[in-house]
Amino acid sequence: MKKIREYLVDVAEEQLRDEVNTTSFTKSELELLPIILEDGETVHRVMSGRADQKLGKLMATNKRVIYLRTYSAGSSDMETFYFGEIQSITQNKTKGLSGQNVDLTFTDITGYAYTVYSILNFSVPSFLEYVHAMNDQ
């Protein structure tokens, strides 16, 4: 089992672009990347945020935006918004313990909306710039 987990982490590291550091992820999150990412999909941006009182990772890949939450070993869930299907992204600035935070609400073409809360403000501009560019292609 340990060799499988090490292999998953090695594969995950290959799926991260230079802008993304492995220290942005927990070991459990890294182990899940090869399972949840599609063929040829790579992570270009990542930041932490909360949804339903649980911390997770908001990632922008070359194909979609993914919000991944891990619970106990082997338990996780995710929300996905494919580029070209994101109708809007709404920002709401809030005050948090670590200063200015941003809440992001993603709405798809069906009207489904999902909000990720308490994202550190400094990481948002680069993330949104990348997501808007990819969604507009």
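The values are calculated or read from the model by the stated rules, or taken from the named source; none is laboratory data. Not measured: the values here are computed from a predicted model. Quick reminder, even Gly has a Cβ in these numbers, built from the backbone with ideal geometry, and neighbours come from all protein chains shown.
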I'd like to verify a number: residues in the range 31-86 that are under 19 Å from VAL102 (Cβ atoms) and of a type in the set (Asp, Glu), how many?
2
Taking the condition surrounded by 20 or more Cβ atoms within 10 Å (Cβ to Cβ), at pLDDT 80 or above and under 23 Å from LEU120 (Cα atoms), does THR70 pass?
yes
Of all residues in the range 95-137 being among the acidic types (Asp, Glu) and surrounded by 14 or more Cβ atoms within 10 Å (Cβ to Cβ), which is nearest to ARG50 (Cα to Cα)?
ASP103
Pick from the range 1-28, criterion acidic (Asp, Glu) and within 23 Å of PRO125 (Cβ to Cβ), ranking: modelled with the lowest pLDDT:
ASP18
Only one of these conditions is not met by ASN92: (1) surrounded by 12 or more Cβ atoms within 10 Å (Cβ to Cβ); (2) at negative phi; (3) not basic (Lys, Arg). Which number is it?
(1)
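Each row is one residue, and each column tells you yes or no for (1) within 19 Å of PHE83 (Cα to Cα); (2) not polar (S, T, N, Q).
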{"site": "THR26", "(1), (2)": "no, no"}
{"site": "GLU29", "(1), (2)": "no, yes"}
{"site": "ILE35", "(1), (2)": "no, yes"}
{"site": "GLY40", "(1), (2)": "yes, yes"}
{"site": "ARG45", "(1), (2)": "yes, yes"}
{"site": "SER48", "(1), (2)": "no, no"}
{"site": "ALA51", "(1), (2)": "no, yes"}
{"site": "ALA60", "(1), (2)": "yes, yes"}
{"site": "ARG64", "(1), (2)": "yes, yes"}
